[in-house]
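Worksheet: one structure, shown below.
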Amino acid sequence: MTTLIGSRIYDDAIYATDRPVPSLWEETAGPEPEDDGKLAGEAATEVAVIGGGIAGLSLVWHLTRRHGIEAVALDAGKIGWGASGRNGGFVSMGYTKRSLDDLARSFSQDEARTVFAAQKAACDYVIDVARSEGLEIDLAGRGEYIVAHRPDRMASLRAKSAAMKAQFGEDWPVFTKEELQEQGYASPEAHGGIYVPHGTGLHPLKYTYGLLGLARSHGGRVHSHSAVVRWERDGSGQHVLHTQDGGRLRARTVVVATNGFTTEGLDGRFDGVTLPALSNILVTWPLTQAERQAQGYTTDVPVADSRNLLFYIRLLKDGRLLFGGRGGTSASEAAGQRYGNYTHRRLTEVFPAWKEVEITHRWRGFVCLTADLVGRVGLFPDDRQTGFLFGCHGSGVAMSGYAAKFLAARIAGAGFNEPFPQCFQRVPQRFPLPSLRVPALAAAYAWYRLKDEVLPA
């Protein structure tokens, strides 16, 4: 079903916070750390954050630690139930689906430079937090390969490498098919590629759990299983958030940090401004060294291909293959099974030596798109007591925490001496005809598949 379901645009199955996510991350993250449980009765805080994932937990941490501002996060499920605990673990450049050239045309070349500087800083931020705070989050591989899934995609990758050198002084090496194989990545759908020297891979749920501990270490509170069902202002202008079991949280400032799981119908400014898009992940059993060598895939550097509807691929620390892909516009259980089967078939085509390899885990979740394909972080200009942090576009592991650091400074009225673009700070923009978002996405997917697989580059 793709019509509106109350305040949701997908089948109820994808929003069932009482169901565990059957991911490898859930199985291997270790004991779930203690949080503050369900919100019960009356409570008050300076800043309330709706969403207890990487973004929300990071915001609570930065508000309490850096600025001494009391903060509380509310999450509808267990901590890490949403995208923060079910993504592919890529720490990568992003927070927008638009190219730097496109952003330069829409805004300015200086703004595109700031976007690029922020993207690099966000990747470094995650690594720095893990090291400085002693978080054991299975960092693996440095940088990312972008591989040409067809020979005619090499021209655009070479042009991208040249542009990065000319405009930003960045060295993004180009590899032929044979050179890429020497680097440890071989596939019938790898005809060469480029290397992006930023980012890494990690265990996203371990990272989220680590942030939970950091958020609470300076007095922040994190309430799981506390879905916000009503949001109002009292006579003094304070926010009052009502949760599903009768809790009430009063706050001077509220920030929405729920990304693809943003609930509509609570505040009209957040209705129709996000488009959740389904993403599917499969994980294999641990591959032996002989199995990896048989395919010619031995590198731990994360990989994405040159498709619009890309595949994203990693060899994990224990030798398992993680294989994810976009696509599918129905969140029903039956549709999830069908698309999981399709993803498995495509895995065996990308890596034919692994046709008999067992799939041990499969799950799905949302990435979050905005109307102009640019993420949003900031406060409403006409209401500085309401903020937003969402629109990760499938690459939020890096930017979510870095953006939370920026937003905490804005809430505190403090300076921020690191790069952060103005285009991310604009008020969220509503989709045209928001009730048709999913049918429009299905049409876009059909066009992208035609471009990816049939039309010349």
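The values are calculated or read from the model by the stated rules, or taken from the named source; none is laboratory data. Values in this document were obtained by computation on a predicted structure and should not be read as measured data. Cβ coordinates were reconstructed from backbone atoms using ideal geometry, including for glycine residues, and neighbour counts include every protein chain displayed.
Summary table below
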{"item": "Top-ranked residue of segment 247-275 - restricted to ones that are acidic (D, E) and within 22 Å of the chain's Cα centre (by Cα), ranked as modelled with the highest pLDDT", "result": "D271"}
{"item": "1 or more residues closer than 23 Å to Y125 by Cβ: qualifying strands (runs of 3 or more DSSP E) within segment 166-223", "result": "192-201, 221-223"}
{"item": "R376 vs. criteria over 30 Å from E27 (Cα atoms) and touching a Pro at 6+ places or on another chain (Cβ under 9 Å)", "result": "yes"}
{"item": "Which numbered condition T263 fails, given (1) in a strand (DSSP E or B); (2) β-branched (V, I, T); (3) buried (at least 19 other Cβ atoms within 10 Å of the Cβ)", "result": "(1)"}
{"item": "Options M154, M164; residue that is of a type in the set (A, V, I, L, M, F, W, C) and free of Cβ contacts under 8 Å to residues at least 24 places away in the same chain", "result": "M164"}
{"item": "Search result, residues across segment 213-227 that are hydrophobic (A, V, I, L, M, F, W, C) and surrounded by fewer than 24 Cβ atoms within 10 Å (Cβ to Cβ)", "result": "L214, A227"}
{"item": "Criterion (in contact (Cβ under 8 Å) with a residue 40 or more places away in the chain and surrounded by fewer than 17 Cβ atoms within 10 Å (Cβ to Cβ)) met by exactly one of L389, L369, L407, L373", "result": "L373"}
{"item": "Neighbours by Cβ (under 8 Å, 6+ apart or cross-chain): first from segment 435-457, at pLDDT 95 or above; second loosely packed, with under 11 Cβ neighbours inside 10 Å", "result": "A440/L433"}
{"item": "Per-region count, segment 46-59, residues over 21 Å from the mean Cα position of the chain (by Cα) and either under 24 Å from F366 (Cβ atoms) or surrounded by fewer than 23 Cβ atoms within 10 Å (Cβ to Cβ) (or both)", "result": "2"}
{"item": "Count of residues meeting criterion [in contact with a strand residue (DSSP E or B) (Cβ under 7 Å, 6 or more places away or on another chain) and either among the acidic types (D, E) or at pLDDT below 95 (or both)] in segment 109-130", "result": "0"}
{"item": "Among (1) under 16 Å from the mean Cα position of the chain (by Cα); (2) surrounded by fewer than 22 Cβ atoms within 10 Å (Cβ to Cβ); (3) not β-branched (V, I, T) - the single one S330 does not satisfy", "result": "(1)"}
{"item": "Residue within segment 83-99 that is over 19 Å from the mean Cα position of the chain (by Cα), on the phi > 0 side of the Ramachandran plot and not polar (S, T, N, Q) present", "result": "no"}
{"item": "Residue, farthest from C392 (Cα to Cα), within segment 92-105, restricted to residues that are in contact (Cβ under 8 Å) with a residue 40 or more places away in the chain and either polar (S, T, N, Q) or buried (at least 23 other Cβ atoms within 10 Å of the Cβ) (or both)", "result": "S92"}
{"item": "Filtered residue count, segment 190-211, keeping only those that are in contact with a strand residue (DSSP E or B) (Cβ under 7 Å, 6 or more places away or on another chain) and not hydrophobic (A, V, I, L, M, F, W, C)", "result": "8"}
{"item": "Candidates A76, A118, A112 - the one that is surrounded by 20 or more Cβ atoms within 10 Å (Cβ to Cβ) and closer than 16 Å to S395 by Cα", "result": "A118"}
{"item": "Scan of segment 9-35 for residues that are of a type in the set (D, E), surrounded by fewer than 18 Cβ atoms within 10 Å (Cβ to Cβ) and in a loop (DSSP other than H, G, I, E, B), ordered by number", "result": "D18, E32, E34"}
{"item": "Residues of segment 425-436 that turn out to be under 17 Å from R269 (Cβ atoms) and either over 23 Å from the mean Cα position of the chain (by Cα) or in a helix (DSSP H, G or I) (or both), as a count", "result": "3"}
{"item": "Residue list for segment 190-204, restricted to those being within 18 Å of the chain's Cα centre (by Cα) and among the aliphatic types (A, V, I, L, M)", "result": "L202"}
{"item": "Only one of P302, P286 that is at pLDDT 95 or above, surrounded by 19 or more Cβ atoms within 10 Å (Cβ to Cβ) and not hydroxyl-bearing (S, T, Y)", "result": "P302"}
{"item": "Subset of segment 122-155 that is touching an Asp or Glu at 6+ places or on another chain (Cβ under 6 Å) and on the phi < 0 side of the Ramachandran plot - its residue that is surrounded by the fewest Cβ atoms within 10 Å (Cβ to Cβ)", "result": "A140"}
